[in-house]
Ligand SMILES: Nc1ncnc2c1ncn2[C@@H]1O[C@H](COP(=O)(O)OP(=O)(O)OP(=O)(O)O)[C@@H](O)[C@H]1O
C-alpha cells in the first residue's frame, strides 16, 4: 500500500455507556498515517474506553472505527491483526513464561496466513512460518537494542525493557495503525527519551499512531495533533501549543479559576 493510500485511523461518532454512565459521547477523531495524534484528558475522561473500543475489546453503542477506510467489526479484538491495528496496554501485557524472542515472534506470527489444521499438526508451512516469525523478531530485537535479551524470560526484564518488548511485539505485526495506552506509565524518567524516539520512529515508518498519555512533556514534544477528551466528549483539539494554552483544557484538568495566565504543564 502506497503512503498516499494510507489513511490511518478514523473514529466517527463513537458512544458508549455503562449502565447509566455515558462514558463516550459521539467521539470523532483521526490519527492519520505517518503522524502522532495524542488523546489527553483528566482521569475518567474515557481514554482507555476509547482505546478498548478501537481495539475491539469493548463494543460501542454507536459509531464506527476505520483503518485505511475499511470499517472494523465492533467488539472483535482478534480481527484487528488482519486489519493491521496494534495496541499496547496501560498495564503491561506480555506473555509470561515465554522468552522475549517468542513474545515478539507471536506478533510476527499473527500477521502470517496459515491454516488451523496446519498449525495443529505443525506441517511444513507452519514450521516455515515459525522460522520466518523468529527471524523477523530477531531483526526487530536487534534494531531496538534488545538482542541480548532474546532468550530471557520476559518477566525477568526490568519494567522499562518489558514495556519496550510489548511495543516491539506490536511492531512485529507490521501494523498500519497503533494505539498506545499510556506507554510512559510506570517508566523511570530516564526511559522517556528512548520511548519518545521509538514512538516517533513508528510515525516515520508511516504508521498512524494514536498516543493516549498523561505525561504532558512526552505528548507535547512528539505529537502533531492533540485531542482533548473530557467527560467522554471531545472538548477541543489542535496543535500541542494551541491545546496547552486553551483555557477550557486548563479548567478541565485543574478546575475552574485556573484558566487565566496558566499553561498546562502536568
Ligand atoms: N467496565 C466498566 N464498567 C463500568 N464503568 C466503567 C467501565 N470501564 C470504565 N468505566 C468508567 O468509565 C469512565 C471512564 O473510564 P476510562 O478508564 O475510560 O477513563 P480514562 O480517561 O482512561 O481514565 P484514566 O486516565 O484514569 O485511566 C470512568 O468513570 C470509569 O469508572
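The values are calculated or read from the model by the stated rules, or taken from the named source; none is laboratory data. All values derive from a computational prediction rather than experimental measurement. Note: ideal-geometry Cβ built from the backbone for every residue, glycine included; neighbour counts use all protein chains shown.
Observations on the structure shown:
- Top-ranked residue in the range 36-57 [being farther than 15 Å from residue 185 by Cβ and part of a helix (DSSP H, G or I); ranked as farthest from the ligand (Cβ to nearest atom)]: 54
Here's the yes/no breakdown for (1) modelled with pLDDT under 95; (2) assigned to a helix (DSSP H, G or I); (3) in contact with a helix residue (DSSP H, G or I) (Cβ under 6 Å, 6 or more places away or on another chain); (4) away from the ligand (no atom under 16 Å from the Cβ):
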position	(1), (2), (3), (4)
191	yes, yes, yes, yes
195	yes, yes, no, yes
202	yes, yes, no, yes
209	no, no, yes, yes
226	no, no, yes, no
234	no, no, no, no
242	yes, yes, no, yes
249	yes, yes, yes, no
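- In the condition set (1) at pLDDT below 90; (2) away from the ligand (no atom under 16 Å from the Cβ); (3) more than 18 Å from residue 183 (Cβ to Cβ); (4) touching a strand residue (DSSP E or B) at 6+ places or on another chain (Cβ under 9 Å), residue 78 is compliant with all but (4).
- Top-ranked residue of the range 83-111 - restricted to ones that are farther than 16 Å from residue 179 by Cβ and loosely packed, with under 14 Cβ neighbours inside 10 Å, ranked as nearest to the ligand (Cβ to nearest atom): 96
- Identity of the residue in the range 18-33, under 14 Å from the mean Cα position of the chain (by Cα) and part of a loop (DSSP other than H, G, I, E, B), that ends up farthest from residue 252 (Cα to Cα): 33
- Tally of residues being in contact with a helix residue (DSSP H, G or I) (Cβ under 6 Å, 6 or more places away or on another chain) and modelled with pLDDT under 95 across the range 12-39: 0
- One residue alone among 154, 179 is within 27 Å of residue 14 (Cα to Cα) and crowded, with 23+ Cβ neighbours inside 10 Å, and that residue is 179.
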